[in-house]
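Read the structure below first, then the notes.
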Amino acid sequence: MASIKVKFRPSTVAGHKGTIFYQILHERKQRQLFSDYHVFPSEWDENCSMVTTTKRSERKSFILSIRERIRWDVERLNKIIRKLDKNGLIYTADEIIDEFHRHVNEYSLFNYMERMIIKLKQHGKIRTSETYTSTLNSFKKFRHDEDVMLDCLNSEIMEAYEAWHQQRGITPNTISFYTRILRAVYNRAVEEEIIENRNPFRHVYTGVNKTIKRALPLSVIKKINALDLYMIPELDYARDMFMMSFMLRGMSFIDMAYLRKSDLVNGYVTYRRRKTRQQLVIEWTKEMQTILDKYPENTSDYLLPIIKHTGLRERSTYRNVGYNINHNLKRIAEKVGITVSLTLYVARHSWASIAKSKGIPLSVISEGMGHDSEATTQIYLASLDTSVVDKANSIILKSL
């Protein structure tokens with residue numbers, strides 16, 4: 001069986017840092033694997049074959065981190081050796097080094113996540129790939145682009161990542177969002193037996209706090225609907241898409257963007273929510289048609305004037321349009337004198353809130369919004385006749 005020793009090679013220049021390397025002995029042959037760790041001769045303990053420091057040293061935290069990395073490297077090398085021995089195949093010291101480099105290249109957090117993102121895109125899970133990309137970019141920024149091995153991810157790193165977000169004023173739910181994705185990546189590596197589970201997320205928050213729902217009363221919705229924005233096309237368009245979302249029972253913007261002309265048949269829109277895949281049927285009203293008639297017919301297959309060209313950039317178009325709408329809704333909020341951060345999502349919360357104020361049963365509201373996956377809505381009703389929901393929507397629209 002091969003053996004590993006940690007060694008130190010001093011610099012040829014006096015007073016300069018030397019290099020930590022690993023001496024691999026196997027079948028009476030010796031090979032050297034150089035690390036990226038550089039320390040001064042005074043920071044190396046030859047007797048213990050380990051870096052050393054003092055309590056007063058300015059480099060104490062750095063040296064301790066080097067010590068931790070060395071420990072992980074040695075453990076990784078020994079794991080490779082045990083695996084090669086278990087296979088019963090003849091191997092050389094050079095092959096141990098090759099396997100170590102392969103492991104470093106494939107099983108660093110950055111590289112592993114990037115491969116996962118590619119697979120998600122290949123499987124058509126675009127939205128998930130975007131959230132993974134966002135998380136990876138966040139963690140890279142935290143690490144100053146310094147990669148970390150999956151088996152080196154520990155609770156100290158995750159606690160520091162959480163604190164880094166907190167110092168930047170990021171909300172707990174957003175921090176938890178990033179942390180949960182990193183945990184999912186880590187657990188995937190554990191399932192694939194790439195690493196052993198060291199539970200690095202045990203001291204960080206991975207829950208979801210209840211958020212204050214930003215619902216507007218009917219009186220404000222009526223003010224927004226009544227605004228004369230003819231001379232400001234960008235605000236007019238933002239208001240129209242907000243009202244369209246509201247009229248479509250709080251339909252999410254992504255579902256609005258991907259509504260097809262073929263989804264509107266005999267006065268009803270039939271579609272599946274992208275989030276839950278639940279099929280919903282909504283009566284197409286004259287109020288909705290009035291908004292649609294304000295705009296030239298979409299030359300693409302889509303119903304609403306959001307994605308106007310079918311092609312490869314549909315998703316980026318939807319996102320950019322949504323961003324611009326939300327930006328302009330802030331200006332509309334100022335015009336009607338509200339302090340709520342007005343976004344397209346507010347239309348969804350407002351529809352539910354106003355429906356409740358009109359005495360519409362919670363089960364009808366839940367069905368209308370497509371909340372079939374929420375346990376709290378299942379206890380009321382598993383399915384509703386769509387005419388009941390359309391009647392509920394009609395009550396709201398007549399109040400405008």
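Some points to look at:
- Net charge in the neighbourhood of ASN197 (other residues with Cβ under 15 Å of its Cβ; Lys, Arg +1, Asp, Glu -1) is -1.
- Amide hydrogen proximity for MET50: with H placed 1.01 Å from N in the peptide plane, the residues at 5 or more positions away or on another chain lying under 5 Å are ASP45.
- For LEU33, the accessible surface of its heavy atoms amounts to roughly 10 Å² (probe 1.4 Å, protein chains only, rounded to the nearest 10).
- Helix 109-122 and the long axis of the chain differ in direction by around 40°, with both axes built from C-alpha atoms.
- Placing PHE110, PHE62 in order of accessible area, with the largest value first and a 1.4 Å probe, yields PHE62, PHE110.
- Residue among ASN324, ASN154, ASN266 with the largest mean-square fluctuation in a Gaussian network model of the chain, springs linking Cα atoms under 10 Å: ASN266
- Among TYR91, TYR205, the sequence by solvent-accessible area, most first, with a 1.4 Å probe is TYR205, TYR91.
- Accessible area per residue in Å² at 1.4 Å probe, computed on the range 1-102: 66 Å²
- Relative contact order (%) - the range 259-319, alpha-carbon pairs under 8 angstrom, separation at least six: 27 percent
- Computed with a 1.4 Å probe on the full set of protein chains, the accessible area for CYS48 sits at about 90 Å².
- Here is the list for the range 266-350: trypsin sites (Lys or Arg not before Pro) lying in DSSP coil, each with at most 13 other C-beta atoms within 10 angstrom of its C-beta, are ARG274, LYS275, ARG277, LYS294, ARG313.
- Using heavy atoms of the protein chains and a probe of 1.4 Å, the accessible area assigned to SER245 is about 0 Å².
- Net charge of Cβ neighbours under 11 Å - reference PRO233; Lys, Arg +1; Asp, Glu -1: -1
- Crossing angle, helix 60-87 versus the chain [Cα axis fit, 0-90 degrees, rounded to tens]: 80 degrees
- Once C-alpha pairs closer than 8 Å and six or more residues apart are averaged by separation and normalised to the residue number of the chain, the relative contact order reads 11 percent.
- Signed unit charges on C-beta, dipole axis of the chain, positive-most listed residue ASN298, THR206, VAL364: VAL364
- Within the chain, the longest run free of exposed loop sites, counting GluC sites (Glu not before Pro) that sit outside DSSP helix and strand states (H, G, I, E, B) and have at most 13 other Cβ atoms within 10 Å, spans 197-296.
- With the highest mean first, a sort of the peptides 80-90, 350-360 on other beta-carbon atoms found within 10 angstrom per residue produces 350-360, 80-90.
- Carbon/sulfur fraction of accessible area - the chain, other protein chains in place, 1.4 Å, %: 51 percent
- At the listed q of 0.21 Å⁻¹, the Debye profile of the range 130-288, built from one uniform point per Cα, gives log10 I(q)/I(0) equal to -1.28.
- The chain, helix-only ellipticity at 222 nm - DSSP H runs n ≥ 4, -39,500 (n - 2.57), divided by all residues, nearest 500: -16500 deg cm²/dmol
The values are calculated or read from the model by the stated rules, or taken from the named source; none is laboratory data. Everything quoted here is computed from the prediction, not taken from an experiment. In this analysis, Cβ positions are derived from the backbone assuming ideal geometry, glycine residues included, and neighbour counts consider all displayed protein chains. Please note that ligands, DNA and RNA were not included when accessible areas were found on the heavy atoms of the full protein model with its side chains. Shrake-Rupley method; radii C 1.70, N 1.55, O 1.52, S 1.80 Å.
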